[in-house]
Structures are given as structure tokens and as C-alpha cells.
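Okay, structure first, notes after.
The values are calculated or read from the model by the stated rules, or taken from the named source; none is laboratory data. As the structure is a prediction and not an experimental result, all values here were calculated from the model. Here Cβ is always computed from backbone atoms with ideal geometry, including for glycine, and neighbour counts include all displayed protein chains.
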Amino acid sequence: MAKLDGTEPIDPASRESAYAESRWPMAAAVVAAMVLTLLLPDDFRLAPRWVLPIIECLLLVTLITADPGRITRRSAALRAVSVALISVLALSAIWSTIQLIDDLIHGGPETSSASALLQAGGSVWASTILAFSLLYFELDSGGAAARAHHMPSTPELAFPQQLNPNLNAQHWRPRFIDYLYLGLTNSLAFSPTDVMPLAPWAKIVMGVQSLVSLGILGLVVARAVNVLA
């Protein structure tokens, strides 16, 4: 049986099977983002209540149908569908953030109640974490299917396993949970923690997420304290 420690040749099928990631963690994140969108106030949504969830559901079903189980199929069409899905989620999250900040500055129905404000702010913040996590997941090293086949010699997002030679992670691959953790910590620290952005796109996206998160947390908490006081 072929090994993955470099001592024996690895046939392509075994490599893909060992390195490929299940579709379900990514799909669960998309479903969670859709649910959060439905929980938002009407004026925080980019489109009428069911429009974006239906579009996102159709795109997700297309991905699952065309490449079920583990993500291994490299296809320009599938990559375009995946990018479109995540772009819709990201645009929706950013739009909700803009509307939330506008309500906080100019006053809105949610800003007079601390509980309603915290609920709306928490939903928007969680949506941005999921959207940016999926964005990292899709853009890093060409996406999950490309990572299953080959990892670049220089990573675009450098995880600790890739930076520390003592961990001997030559055959390690980041999974969705790693990108979810990156999205969470970047939204809390407003800067890189253990994952270093090396590619220009990674620095831009992480910077945008930090600014978005700072705007949400800073203004929501300040307004909630003011309402409670």
C-alpha cells in the first residue's frame, strides 16, 4: 500500500483520496450563512427575503451534484460556480454591515433596543465570519480541488504547519476548519494571529475583514452600552 510519508511512490488516485476534503463542512457553512440572512431585519438584506437563499441553494446544489463527497474535480465551470456562490455570500454580508453601520450612525429601528441591536449585530458579524472563511477556503492555492492535487512551494496563506519545519507537515493540507478559525481570529484580533498572509490578495481580504469587523464590534458595542445606560 502506498504511504504518504515520502518513502514510497504515491499514485495520483491515492494522493487525491488522502488529501481531498469533504464537501460537507463547506456546505454546512453556506447553509448557516443562509439561515443568518433569513434572521436579519428586512432593511439589512441585499435582496428580498428569499431571493439570495434560493440563489445560494441552487449554486450549492450544483456543486454537490457535480462533485459529491470529497472535493477533487478540477473544472473551470465548477470553480466559477463556487466563486459565484461565495461572492454572493460576501456581498450580502458586506451590504448588511453597511446597513447596520448606517443605522447606528443615523438611527434605525434596531438601535433603540439593546437586545435587538445585539441580535442584529451578532447575526451580521457571524455572517461576515462565514463569508470570509469561505473566501479564504476558495482562493487559497487555487481552491480545495487544486490543493488535493498539488500544493504550491510558496503558500499564499501560511499556516503554522507550513512555517515550522519541526512539524514535518510536507503532506499536510489546510481544511475548512482551518479557514474558519482564520476568519474568526482575524475578526476578533483585527490582524493576523497564527496564519500569515503572503499573497497580495490575502493581505487585501484580511485587511477588509478586519475593517468590517472593527466597524461592527466597535459601533454595536458602543451603541448597546449607550442604550443600556
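Structure notes:
- Answer from Ser123, Ser87 - the residue that is under 22 Å from Phe176 (Cβ atoms), out of contact with any Phe, Trp or Tyr (no Cβ under 7 Å at 6 or more places or on another chain) and without any contact (Cβ under 8 Å) to a residue 12 or more places away in the chain: Ser87
- Residue that is modelled with the lowest pLDDT, among those in the stretch 4-30 that are of a type in the set (Val, Ile, Thr) and surrounded by 15 or more Cβ atoms within 10 Å (Cβ to Cβ): Ile10
- Within the stretch 149-184, the set of residues being of a type in the set (Ser, Thr, Tyr) and either under 18 Å from Trp201 (Cα atoms) or in a strand (DSSP E or B) (or both) comprises Ser153, Thr154, Tyr179.
- The stretch 190-205, residues that are assigned to a helix (DSSP H, G or I) and over 22 Å from Ala32 (Cβ atoms): Pro200, Trp201, Ala202, Lys203, Ile204
- The residues on offer are Ser133, Ser141, and the sole one that is surrounded by 16 or more Cβ atoms within 10 Å (Cβ to Cβ), assigned to a helix (DSSP H, G or I) and in contact with a Lys or Arg (Cβ under 6 Å, 6 or more places away or on another chain) is Ser141.
- Unique residue being more than 28 Å from Ile71 (Cβ to Cβ) and either in a helix (DSSP H, G or I) or touching an Asp or Glu at 6+ places or on another chain (Cβ under 8 Å) (or both) when the list is Val124, Val208: Val124
- Residues in the stretch 166-212 that are modelled with pLDDT under 85 and closer than 24 Å to Val124 by Cβ: Phe190, Ser191, Pro192, Thr193.
For (1) over 25 Å from Leu46 (Cα atoms); (2) of a type in the set (Phe, Trp, Tyr); (3) in contact with a helix residue (DSSP H, G or I) (Cβ under 6 Å, 6 or more places away or on another chain); (4) buried (at least 16 other Cβ atoms within 10 Å of the Cβ), each residue gets a yes or a no:
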| position | (1), (2), (3), (4) |
| --- | --- |
| Ile101 | no, no, yes, yes |
| His149 | yes, no, no, no |
| Ala158 | yes, no, no, yes |
| Asn166 | yes, no, no, no |
| Arg173 | yes, no, yes, yes |
| Gly183 | no, no, yes, yes |
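- Residue check: Arg49 meets all listed conditions (1) touching a Leu at 6+ places or on another chain (Cβ under 7 Å); (2) surrounded by 14 or more Cβ atoms within 10 Å (Cβ to Cβ); (3) at pLDDT below 85; (4) not small (Gly, Ala, Ser) but one, namely (2).
- Taken over the stretch 31-52, the criterion of being touching a residue at least 60 places away in the same chain (Cβ under 8 Å) and not in a helix (DSSP H, G or I) is satisfied by Leu40, Pro41.
- Test: residue in the stretch 169-185 that is among the β-branched types (Val, Ile, Thr) and over 21 Å from Thr97 (Cα atoms): yes
- Any hit, the stretch 155-177, residues being within 20 Å of Ala29 (Cα to Cα) and free of Cβ contacts under 8 Å to residues at least 24 places away in the same chain: no
- Of all residue pairs spaced 6 or more apart or on separate chains, those with beta-carbon atoms under 8 Å, a first member in the stretch 53-66 that is polar (S, T, N, Q) and a second member that is part of a helix (DSSP H, G or I) are Thr62/Val81.
- Just one of (1) of a type in the set (Val, Ile, Thr); (2) farther than 25 Å from Ile216 by Cα; (3) buried (at least 16 other Cβ atoms within 10 Å of the Cβ) fails for Val205. It is (2).
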